[in-house]
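Novice: Just passing along the structure, written as structure tokens.
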Amino acid sequence: MPAYRYSAYDGSGKLRKGVVDAPSSVRAGEILAEKGLVAVDIVEGSPERARRGSPFSLSYHALFCRGLSSYLKRGVPLVEALKFLSRHSTDRKVASACLHLHEGVQGGKRLSAAMEETGVFREDLLRIVESGEKTSALPGVLEQASGLYTLQDRQRRKIRSALTYPLAMTFIGMGVVTFLLVYVVPVLSSLFTEMGQQLPLPTRILLGTASVFRKWGIVFLAAGALLFFILRKKGKRISLPFFRRIRENITLSLVMSHLKTLLSAGIPLVQALGMAASMDPRPERWIECARLVREGFRFDTALEKQGLFSEETVYIIRIGELGGDLPGAVAQIAEMNWEEARDGMEKAATLAEPLLVLVLGLAVGFVVIAILLPIFDLSSLAG
């Protein structure tokens, strides 16, 4: 009996991996469901099979899906399409992967199985391709997958772009203040000590801060970095409500975009929810939705029972289910949340620039004033 490697979420939202013996992948999914697991990926093969290569980025996934879909839509046989991609792809990584796929498919393997062997493709794409093979709709699902990965890559680039300037300003300002505290202030400190006069309050505060920073600065930085990594490892984040809302909009946009592609590829809703959950830092809410749907509830009811989604989201899903166009409703929610996230990021960037300039200006201005006040006092005494 064949062995199937699986990735699945349990009732607590924890990702579990293992091997199950079953006559088919469908039966393997049923066995996992009987155990209360929501399958994310089921691939035939032993766990000892070596995986080659490093995973492709989103842009590489989009490039591969778009190129292969284009050839298949023109009526080019799959084997020939893979050969053309391996020869004419402008990217060496994609060309190498396509050459391996060409050899595998030419040898009688299914495309999804050959892709799994390379180790460079995402598990969700493997399942999408497998669904397209079963429904004879491979060109269409590849085109949808290309759109999904292009959207996700574009969203990530926009997020990075929105954060670049504020982060750069923060690091530059911290660098300037650190330079003043570490190199400039100590020199002035010895000069002020030689004066033997009472220093102004701002100057005393500056000298005290510089002394503490020189002695304990490394300790504070190390403690902060350690706390950051501990919180990241535990999955906890510290942020203002405004930024939490932006992050939630981005997460919902990614999950819903992913879910739409999976549903359009013919993957059942329960399984699609399990696969899309990997896009969310809190996958347990989607796993709970999948459990409720498996028990017979409609998708909108499952979302409503969670109490974590807006009334608008639940309403759009309800209309889509009743109208027989759930993928379209999911796509609408994805677009709506991305627009809200984009507007929020633009507002944050607009507010961050003058705020950072103000904070950095006050910090540098305080240092300058603290340095100049004793000099002015000395000048007045000399006069």
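Novice: Among Thr350, Thr313, rank each residue by its count of other Cβ atoms within 10 Å, from fewest to most, as a rough exposure measure.
Specialist: Fewest-to-most ranking of Thr350, Thr313: Thr350, Thr313.
Novice: Now, a different point. Among the listed pairs Lys73/Lys93; Lys17/Lys73; Lys17/Lys134; Lys134/Lys260; Lys14/Lys73; Lys305/Lys347, give every one whose C-alpha distance is greater than 28 Å.
Specialist: Numbers: Lys73/Lys93 23 Å; Lys17/Lys73 36 Å; Lys17/Lys134 24 Å; Lys134/Lys260 18 Å; Lys14/Lys73 39 Å; Lys305/Lys347 32 Å.
Beyond 28 Å: Lys17/Lys73; Lys14/Lys73; Lys305/Lys347.
Novice: R0 = 35 Å: FRET efficiency of Lys305 with Phe243, Cβ-based, nearest 0.05?
Specialist: In this case the efficiency is close to 0.80.
Novice: Would you please name the trypsin sites (Lys or Arg not before Pro) within segment 68-103 that are DSSP coil residues with at most 11 other C-beta atoms within 10 Å of their C-beta? Write down the numbers at each step before the final one.
Specialist: Values: sites: Lys73, Arg74, Lys83, Arg87, Arg92, Lys93; in loops: Arg74.
Here the trypsin sites (Lys or Arg not before Pro) that fit, given the DSSP loop and packing criteria, are Arg74.
Novice: Need one number: nm distance between label points at Glu30 and Tyr315, each 7 Å from Cα along Cα→Cβ, rounded to one decimal.
Specialist: The answer from the label model is 4.1 nm.
Novice: If you don't mind, another one. To one decimal place, what orientation-averaged projected area in nm² is obtained for the convex hull of the Cα set of segment 265-383?
Specialist: Numbers: hull surface 45.8 nm².
Here the figure is 11.4 nm², rounded to one decimal.
Novice: So how compact is segment 207-333: Cα radius of gyration and Dmax in angstrom?
Specialist: 20.7, 70
Novice: Hey, another quick one. Can you give the direction-averaged projected area of the convex hull of the alpha-carbon atoms in segment 58-150, in nm²?
Specialist: 5.0
Novice: Do any GluC sites (Glu not before Pro) in segment 122-157 lie in a DSSP loop with no more than 14 other beta carbon atoms within 10 Å, and if so, which?
Specialist: Nothing satisfies the criteria.
Novice: Arrange the following residues from fewest to most other Cβ atoms within 10 Å of their Cβ: Ile316, Ile369.
Specialist: The most exposed by this proxy come first: Ile369, Ile316.
Novice: Fewest to most neighbouring Cβ within 10 Å: what's the order for Thr135, Thr251, Thr203, Thr261?
Specialist: Numbers: Thr135 13, Thr251 16, Thr203 22, Thr261 29.
In increasing order of surrounding Cβ atoms, one gets Thr135, Thr251, Thr203, Thr261.
Novice: Let me ask something else about it. Would you mind calculating the relative contact order of segment 153-383 from Cα pairs under 8 angstrom and at least 6 residues apart, reporting the percent as a whole number?
Specialist: 29
Novice: At 20 angstrom or more along the helix axis (alpha-carbon based) and mean Kyte-Doolittle of 1.0 or higher, what helices does the chain contain? Whole DSSP H runs only.
Specialist: Values: long enough: 58-73 (22 Å, 0.33); 92-106 (21 Å, -0.06); 138-179 (59 Å, 0.19); 201-233 (42 Å, 1.20); 241-264 (34 Å, 0.28); 326-382 (83 Å, 1.10).
In the chain, the long hydrophobic H runs are 201-233, 326-382.
Novice: Just to be sure I understand, if you calculate mean projected area of the Cα convex hull in nm² for this structure, which of [x] 18.1; [y] 20.9; [z] 25.7 do you get?
Specialist: Working out mean projected area of the Cα convex hull in nm² from the coordinates points to [z].
Quick note: the coordinates plus some simple rules give every number you see, no bench work behind them. All of these numbers come straight from a predicted model, not from anything done at the bench. Neighbour counts run over all protein chains shown; Cβ positions are idealised from the backbone, glycine included.
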